[in-house]
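First the structure, in the form of structure tokens, and then the observations on it.
The values are calculated or read from the model by the stated rules, or taken from the named source; none is laboratory data. As the structure is a computational prediction, the values presented were derived from the model and not from experiment. Here Cβ is always computed from backbone atoms with ideal geometry, including for glycine, and neighbour counts include all displayed protein chains.
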Amino acid sequence: MANLVVIGAQWGDEGKGKIIDILTKDADYVVRYQGGNNAGHTVVVGDEEIILHLIPSGVLHKNKICVIGNGVVIDPEALLQEISYLKTKRINVDGNLRISDSAHVIFPYHKVLDKLREEKFSKTKIGTTGRGIGPCYTDKYSRAGIRIADLLNPRVLEEKLRCNLKEKNAVLSTVYKHPTFSFDKIFRQYCAYADIIRPYVCNCSLLLNDAIKKKKNILFEGAQGTLLDVDYGTYPFVTSSNSTAGGACAGSGVGPTKIDKVIGIVKAYTTRVGEGPFPTEFSAQLMKKIRSRGKEFGATTGRPRRCGWFDAVIVKHAVAVNGLDAIVVTKLDVLDMMPKLKICVGYAYKGKMFSDFPADIEVLWQARPVYEECPGWMQDTTGVKKFSQLPPNARNYLSRLTKLLGTRIEMVSIGSDRNQTLFV
Ligand code: IMP
């Protein structure tokens, strides 16, 4: 397996959790490198559904080292909740969880500011998960952030927290007319978190580079998706991190020469949660049908996901910006009973045809998607055991996708169970 990066090639929720879970069997280390508990990775094990937000999905397997890299933003409250949740599922993280000393920490004011910014400035409403992700990354890049290493040093924590609270409280009271935060309460609470987190903390880059020297296999688990990447997504309707493959290096301290392969996870159609342009979005009736067949509700917030036809323009963009070696197509079975399918191959706008992803948000909002049509297969695929046994029209649909995207398909998922996976 060597060192493999797995990313979402659309707007997140492509079904990465299941595929990462399958790939984990060949990995020694599983690493989250960006985002925070805005992510929701669902894995079905037998009759049980397990949703992870912050801890790498590798934790569901015995003897895998699970690493939360420096590029992740960590809400200690959410982390401890997730550790307790896993305990109720008889999964113990002690001994295999590692947390980077350089990851940034989410504080209560980040969560409040995330929500207030959305409510107050409705013109640029992003539809964030409200987990404080954006404000925490803002502090990181403005060099005001508090890192895990700071959390473990009460003197540094006190100094930085006092300084940050002065600014945050001024903004909260004057700009938002919102109650302010007390230093003592947060300081006490975060010192207590520090004591619990301390045993897991490590130098993530040293740990992983040492593992590479010992020829261990590392699986980098991307969160969100390419179109939510702060640089390559539908800006400003994006998350605040680099959810593309490049983020794996910056967010873990492993150099690009050590990455052997990048795989993109692609849903057989398209979904997105939150606000922002979505050129191939379905009309209300089709939306209802696919949302219910595909159980398209956010794993983190429970919000209904917006659904649409497969958009080859955005996935072609994802193939390029991530340098994808192959893709995995998920949820093909959701399309089983569709008599006809559409694939978007370009956007028409003001007499021009865009077959490559445009940066201009106005084009993305207003363009008319140009579709190719394919016949459906009108057959249940959920019990298919081999790729060659898929109905001919399903294979034709997949073959058309590989041609349009210029990449090969490595796996196809036809249900949420680990066994409902076809290897191509
Ligand atoms: P934030 O990451 O909470 O700041 O939210 C920014 C945008 O990214 C919103 O549209 C969210 O709905 C979206 N988003 C964040 N995390 C995920 C995810 O894991 N899956 C899908 N959408 C996400």
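Okay, here's what the table says:
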| read-out | value |
| --- | --- |
| Qualifying residue in segment 88-96 (condition: surrounded by 15 or more Cβ atoms within 10 Å (Cβ to Cβ), over 22 Å from the mean Cα position of the chain (by Cα), farther than 21 Å from V254 by Cβ and aliphatic (A, V, I, L, M)) | yes |
| Residue in segment 144-159 that is over 20 Å from A192 (Cα atoms) and either surrounded by fewer than 20 Cβ atoms within 10 Å (Cβ to Cβ) or within 16 Å of the ligand (Cβ to nearest atom) (or both) present | yes |
| Cβ pairs under 8 Å, 6+ apart, first in segment 168-181 and touching a residue at least 24 places away in the same chain (Cβ under 8 Å), second crowded, with 17+ Cβ neighbours inside 10 Å and of a type in the set (K, R) | F181/K168 |
| Enumerated strands (runs of 3 or more DSSP E) restricted to segment 24-119, each holding at least 2 residues that are under 23 Å from V238 (Cα atoms) and within 16 Å of the ligand (Cβ to nearest atom) | 41-45, 48-52 |
| Matching residues in segment 384-396 - criterion: being without any contact (Cβ under 8 Å) to a residue 24 or more places away in the chain and within 28 Å of the chain's Cα centre (by Cα) | R395 |
| Cβ pairs under 9 Å, 6+ apart, first in segment 106-133 and assigned by TED's automatic domain parsing to the domain that holds S241 and at positive phi, second of a type in the set (A, V, I, L, M, F, W, C) and part of a helix (DSSP H, G or I) | none |
| Residue match in segment 121-128 (condition: exposed (fewer than 15 other Cβ atoms within 10 Å of the Cβ), farther than 17 Å from S240 by Cα, of a type in the set (S, T, N, Q) and at pLDDT 95 or above) | no |
| Lone unmet requirement of (1) modelled with pLDDT of 95 or more; (2) more than 15 Å from the chain's Cα centre (by Cα) for N242 | (2) |
| Failed item in (1) touching a strand residue (DSSP E or B) at 6+ places or on another chain (Cβ under 8 Å); (2) among the charged types (D, E, K, R); (3) within 16 Å of the ligand (Cβ to nearest atom), with D325 passing the rest | (3) |
| Those residues of segment 258-285 which are aliphatic (A, V, I, L, M), more than 14 Å from the ligand (Cβ to nearest atom) and crowded, with 16+ Cβ neighbours inside 10 Å, in sequence order | I259, V262, I263, V266, A268 |
| Exclusive hit being buried (at least 22 other Cβ atoms within 10 Å of the Cβ), under 30 Å from A27 (Cβ atoms) and not assigned by TED's automatic domain parsing to the domain that holds A39, set L324, L227 | L324 |
| Number of positions in segment 347-378 that are assigned to a strand (DSSP E or B), free of Cβ contacts under 8 Å to residues at least 12 places away in the same chain and either surrounded by 14 or more Cβ atoms within 10 Å (Cβ to Cβ) or in contact with a Lys or Arg (Cβ under 8 Å, 6 or more places away or on another chain) (or both) | 0 |
| Subset of segment 293-346 [in a strand (DSSP E or B), without any contact (Cβ under 8 Å) to a residue 40 or more places away in the chain and out of contact with any helix residue (DSSP H, G or I) (no Cβ under 9 Å at 6 or more places or on another chain)] | K340 |
| Answer from G233, G253, G247 - the residue that is on the phi > 0 side of the Ramachandran plot and either of a type outside the set (D, E) or out of contact with any helix residue (DSSP H, G or I) (no Cβ under 7 Å at 6 or more places or on another chain) (or both) | G253 |
| Scope segment 222-257; condition within 9 Å of the ligand (Cβ to nearest atom) and either among the polar types (S, T, N, Q) or under 23 Å from P279 (Cβ atoms) (or both); matching residues | Q224, G225, L228, G233, F237, V238, T239, S240, S241, S243 |
| Wholly enclosed helices (runs of 4 or more DSSP H) of segment 128-222 bearing at least 2 residues more than 30 Å from A27 (Cα to Cα) | 133-141, 148-151, 154-174, 183-197 |
